[in-house]
1. Please specify each residue of segment 50-72 satisfying the condition of being open to solvent by less than 80 Å² (accessible area, probe 1.4 Å), more than 25 Å from residue 174 (Cα to Cα) and in a loop (DSSP other than H, G, I, E, B).
2. Tell me, yes or no, whether segment 27-49 has at least one residue that is open to solvent by 30 Å² or more (accessible area, probe 1.4 Å), modelled with pLDDT under 90, in a helix (DSSP H, G or I) and not polar (S, T, N, Q).
3. Go over the candidates 125, 88, 118 one by one and state the one that is over 25 Å from residue 41 (Cβ atoms), in a helix (DSSP H, G or I), open to solvent by 60 Å² or more (accessible area, probe 1.4 Å) and at pLDDT 80 or above.
4. If a residue has to be modelled with pLDDT under 75 and either surrounded by fewer than 17 Cβ atoms within 10 Å (Cβ to Cβ) or not aromatic (Phe, Trp, Tyr) (or both) to count, how many in segment 179-211 make the cut?
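The values are calculated or read from the model by the stated rules, or taken from the named source; none is laboratory data. What you see is a predicted model, and the numbers here were worked out from it, not measured in a lab. Every residue, glycine as well, gets a Cβ built from its backbone with ideal geometry; the counts of neighbours run over all protein chains shown. In case anyone asks, the SASA skips ligands and DNA or RNA and just uses the protein heavy atoms, side chains included. Shrake-Rupley method; radii C 1.70, N 1.55, O 1.52, S 1.80 Å.
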Amino acid sequence: MAYLNTRKKGDFAAQKEEVEDFCKYRFQIVEIFHDHRANATPPEKRKGFAAMLEYCSANNCPDIIIYDLAGLARDLDAGLAALKTLNEQYTVYCVNNDFFGSRDDPEQRRAAIGNFIEYMEQYRESARKAAPPAVSKKTKKDNGRPPIGRPRALNEGQVEALLTVRQAGTSISQICRMFDVSRSTVSKILADYPPELKGGEWKGARKEPEE
């Protein structure tokens, strides 16, 4: 079973070809479900995604193949929630930027994905607790002047999470929206890391050789 969520005309044909190449000698594709220009809609509210879940449930499909993790949803929380739902019942494989490993061991793979989701949930909770209280415009006006010094845009935990989702294939534009930071802030963070991380798409993940 495969699920594609495309944004541009022609993406479906290109991604379908990559999915078929990925599945060669490894999986037999029963059906491909597809949503187009639905990034802003949570996966569970998309027609193609819902139809895929219904089909998988009715036909006992054990595996679901997605094009990449970042393509599940524009919103990080929605994407993680969708991945968690899938991982509870199926083994999920990514055609591009798959950093989970254990492709030949479904149990270990689901455990690895579960650990990633747990880490991201812990990060979100700690980041929420560590976030400074919002300062209203009225408070700023009453104080007369803004506080001295410029606060850090992201703490260490947030930077680590940013790198994780970047390596998962999330675009810099999506990261800016996820973490509510500017593109220049993301570029400064990525400046100390491999140059592949700085482009439009992360190409650092290597595909495992076919057996």
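1. Once the filter is applied, which keeps residues that are open to solvent by less than 80 Å² (accessible area, probe 1.4 Å), more than 25 Å from residue 174 (Cα to Cα) and in a loop (DSSP other than H, G, I, E, B), segment 50-72 yields only 61.
2. yes
3. 118
4. Looking only at that region, the number is 17.
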